[in-house]
Amino acid sequence: MPTTVKAYAAPSATEPLVPTTIERRDVGPHDVRIDIRYAGICHSDIHTARSEWGPTTYPIVVGHEIAGVVAEVGPEVTRFAVGDRVGVGCMVDSCGECASCRKGEEQHCLRGNTGTYASVGRDGQPTQGGYSQEIVVTEGFVLRIPDALGLDVAAPLLCAGITTYSPLRHWGAGPGTRVAVVGLGGLGHMGVQLAHALGAEVTVLSQSLKKQEEGLRLGADHYAATSDPGTFERLRGSFDLIINTVSAEIDLDAYLSLLAVDGTLVNVGAPEKPLSLAVFSLIPFRRSFAGSTIGGIAETQEMLDFCAEHGIAAQIETIRADQVNEAYERVLASDVRYRFVIDTSTLD
């Protein structure tokens with residue numbers, strides 16, 4: 001029988017999140033039931049809760065940075081046991097049959113992966129996310145959290161971590177490469193740590209120098225203010241890879257000018273409005289403009305293991321569930337260092 005659990009949900013695009021209850025499906029043969037301990041707050045949660053990326057079906061429970069402990073496993077589960085420390089990220093299923101899924105790139109499932117929230121699950125019901133006490137997920141989409149990572153600081157790795165790790169790996173960040181990270185927020189602070197651990201020379205590009213000390217502490221070699229027009233002239237042609245983590249409009253042509261020959265600017269932030277660029281920002285120096293989302297399940301596990309090995313974790317502020325609406329406003333005001341994480345025990 002389905003289980004009723006406590007949660008926090010958005011009842012509409014314009015109302016604050018409120019306490020509620022939701023049903024989780026019964027544990028099937030290949031399912032894992034997870035007691036959620038922590039759920040990170042991602043800007044995507046806010047966009048979805050407020051219908052800023054398209055229509056949302058309400059009420060909705062968001063949250064796709066989930067860390068917890070296995071409470072029950074189905075009879076055919078082989079990878080997990082009760083008591084294991086686990087996580088769930090942005091996906092809970094995919095077709096498993098298309099070319100992308102067969103390559104272990106479920107995030108690019110050609111039939112569309114099943115999101116942790118705002119999708120339709122295998123039971124035919126809307127998926128509901130991590131701002132809740134429990135979740136039931138097929139074992140192939142459950143990640144193992146290494147013992148070296150606290151569950152609270154591991155939760156944001158399931159989105160913010162893999163969203164920055166995947167493009168860094170794909171575009172070859174490492175020794176001898178020059179990487180710039182635009183923005184030192186929830187995504188950017190992870191990108192800096194990961195790029196540094198991969199061996200790249202790392203520069204933070206931020207609007208001002210107010211976070212410079214923190215950026216250098218996290219592993220940046222250099223820090224520059226984009227509000228200073230001289231920055232773009234001084235750094236012209238400097239970078240092999242730029243990871244843009246901000247979800248706001250930027251002057252793409254200005255940032256593309258910072259790329260070296262064959263350099264790539266990768267957008268992982270998702271602004272509400274379209275961005276435009278002049279093709280002559282790309283053509284003369286064989287530059288590229290690209291986008292990237294999360295990684296597949298195997299790459300996400302690789303990222304978690306990499307973070308454990310290198311002592312990398314999200315910088316977090318832990319909150320009670322009843323503080324979620326305040327946290328949303330603070331995220332929008334960039335008033336967090338650097339990720340809010342909900343202690344889901346406070347849902348009781």
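A short reminder: the numbers here are calculations on the coordinates, not readings from a lab. Small disclaimer: the values here were computed from a predicted structure and weren't measured. Glycine also receives a Cβ, built like all others from the backbone with ideal geometry; neighbour counts cover every protein chain displayed.
Results, tabulated for the structure shown:
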{"quantity": "For the chain, the spread of Cα positions along each principal axis, largest first, Å", "calculated": "63, 41, 36"}
{"quantity": "Sequence of E201, E15 once ranked by neighbouring C-beta atoms within 10 Å, starting from the fewest", "calculated": "E15, E201"}
{"quantity": "Karplus-derived 3J(HN,Hα), 6.51/-1.76/1.60, for each residue of segment 133-144, Hz, glycine and proline x", "calculated": "7, 9, 8, 10, 9, 4, 4, x, 10, 9, 9, 8"}
{"quantity": "Aspartates and glutamates with Cα under 18 Å of K210, excluding same-chain neighbours fewer than 8 positions away", "calculated": "D221, D228, D335"}
{"quantity": "Largest-first principal axis extents of the Cα set of segment 161-291 (Å)", "calculated": "36, 30, 29"}
{"quantity": "Within segment 46-65, backbone nitrogen closer than 20 Å to the virtual label 7 Å beyond the Cα of L332 toward Cβ", "calculated": "46-64"}
{"quantity": "Hz values of 3J(HN,Hα) by residue in segment 37-51 - Karplus curve (6.51, -1.76, 1.60), Gly and Pro given as x", "calculated": "9, 9, 9, x, 9, 9, 4, 4, 4, 5, 4, 5, 4, 9, 6"}
{"quantity": "Segment 214-244 and segment 61-132: distance between their alpha carbon centers, rounded to Å", "calculated": "36"}
{"quantity": "Candidate lysines - alpha carbon under 24 Å from K211, same-chain residues fewer than 8 apart omitted", "calculated": "none"}
{"quantity": "Which of W53, W171 has the fewest Cβ neighbours within 10 Å, and the rest in rising order", "calculated": "W53, W171"}
{"quantity": "Taking C95, C109, C90 and counting other C-beta atoms within 10 Å, the order from fewest to most", "calculated": "C95, C109, C90"}
{"quantity": "Virtual paramagnetic centre 7 Å along Cα→Cβ of T14, amide N under 20 Å, in segment 44-63", "calculated": "46-60"}
{"quantity": "Value of relative contact order over the chain, rounded to a whole percent, pairs C-alpha under 8 Å and six or more apart", "calculated": "18"}
